[in-house]
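Step one of this worksheet: look at the structure below.
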Amino acid sequence: MQNTLKKALVLSMLPGNLGYVERFKLAAEVGFEGIEAPPTSDPEEIKKLRAASEATGVPIHSIIYGGWHAPLSSGDPRVVERGIADVQAALHCAKELGADTVLLVPAIVNESTRYADAYKRSQQNIRKLIPLAEKLKVVIAIENVWNNFLLSPIEFARYVDEFRSPFVRAYFDVGNVLAFGWSEDWIRTLGKRIHRIHLKDFKRSSRQFVNLLEGDVNWREVRRALDEVGYSGFLTAELGGGDANYLRDVAQRIDRIIAGV
């Protein structure tokens, strides 16, 4: 396969009782090439994370910010103000740690927030963040999650395109769309907009997330679609944590996915 795909995992999958250097070292030993970390504004934490990355040669490629706690779609100006400040902090954190991506849940649709309002407000507020993203050269990557928003690949593509900025792109989660779509279809529709990939698997019958290769994701077709759209970069497992044997098994499952299953 001509496109380079790299295995990564979220920091929370590594044993929390280990120091950062030990965690990063373990990630490398079991076969991972990158880590996605949560945001922090603590200078000491940033120093430790950066030191662990440099000591082990395992990059922090992305910051998994989220956005559930202070959605940019809120009708409350105080919530939005906090959300914008927190995304700004996450962008600065990414820059400090050498990451080029911040994962953002752009909006939440619920009883108190209409879909149309969520769309309009979130775009207005993300536009306020683009100048900082451009300055820091960190991409704001919009993720598809169970937030009742961006429920089709066509809409997701349009939403990203409307920013007209290379610093707002898509963070595609393979498992999240299984409840209402097909991962390979989303990949083909989003195409070059995809900046990062999260790996999860999902069982439609029980509506549960499961280990990779144990659910209903058509991994063979997903792999083919990734090649078709020319995706290169990190495939980041977002699963439960475990010990070295468990993590090595996850890495080997990703190897099978990359090989075409």
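The values are calculated or read from the model by the stated rules, or taken from the named source; none is laboratory data. Remember, it's a predicted structure, so these values are computed and weren't measured experimentally. Heads up, the Cβs are rebuilt from the backbone with ideal geometry, glycines too, and the neighbour counts pull from every protein chain shown.
Miscellaneous remarks
- Checking each residue in segment 189-217 for being of a type outside the set (D, E) and surrounded by fewer than 17 Cβ atoms within 10 Å (Cβ to Cβ) picks out G191, K192, K203, R204, S205, S206, R207, Q208, V210, N211, L213.
- Of all residue pairs spaced 6 or more apart or on separate chains, those with beta-carbon atoms under 8 Å, a first member in segment 245-260 that is assigned to a helix (DSSP H, G or I) and a second member that is charged (D, E, K, R) are A251/K7; I254/K7; D255/K7; I257/R223; I258/K7; I258/R223.
- Residue, nearest to K6 (Cα to Cα), within segment 199-240, restricted to residues that are part of a loop (DSSP other than H, G, I, E, B) and without any contact (Cβ under 8 Å) to a residue 40 or more places away in the chain: K200
- Filter result (crowded, with 21+ Cβ neighbours inside 10 Å and aliphatic (A, V, I, L, M)) within segment 59-74: I60, I63, I64, L72
- Enumeration of residues in segment 157-181 that are in a helix (DSSP H, G or I), in contact with a strand residue (DSSP E or B) (Cβ under 9 Å, 6 or more places away or on another chain) and surrounded by fewer than 20 Cβ atoms within 10 Å (Cβ to Cβ): A157, A179
- Residue match in segment 4-13 (condition: under 19 Å from the mean Cα position of the chain (by Cα) and modelled with pLDDT under 95): yes
- Summed over segment 149-196, residues that are among the polar types (S, T, N, Q) and either on the phi > 0 side of the Ramachandran plot or over 16 Å from the mean Cα position of the chain (by Cα) (or both) total 3.
- Filtered residues of segment 63-102 (kept if in contact (Cβ under 8 Å) with a residue 40 or more places away in the chain, more than 17 Å from S41 (Cβ to Cβ) and not polar (S, T, N, Q)): W68, P71, L72, G75, V80
- Scanning segment 16-25 for residues that are within 23 Å of Y65 (Cβ to Cβ) and surrounded by fewer than 14 Cβ atoms within 10 Å (Cβ to Cβ) gives a single hit, G16.
- Among (1) among the β-branched types (V, I, T); (2) touching a Gly at 6+ places or on another chain (Cβ under 9 Å); (3) over 30 Å from R224 (Cα atoms), the one test that I60 misses: (3)
- Filtering E54, E36 for residues that are modelled with pLDDT of 95 or more, more than 22 Å from V87 (Cβ to Cβ) and surrounded by 13 or more Cβ atoms within 10 Å (Cβ to Cβ) leaves a single hit, E54.
- Flag if D249 is surrounded by 21 or more Cβ atoms within 10 Å (Cβ to Cβ), of a type in the set (D, E, K, R) and under 17 Å from L9 (Cβ atoms): no
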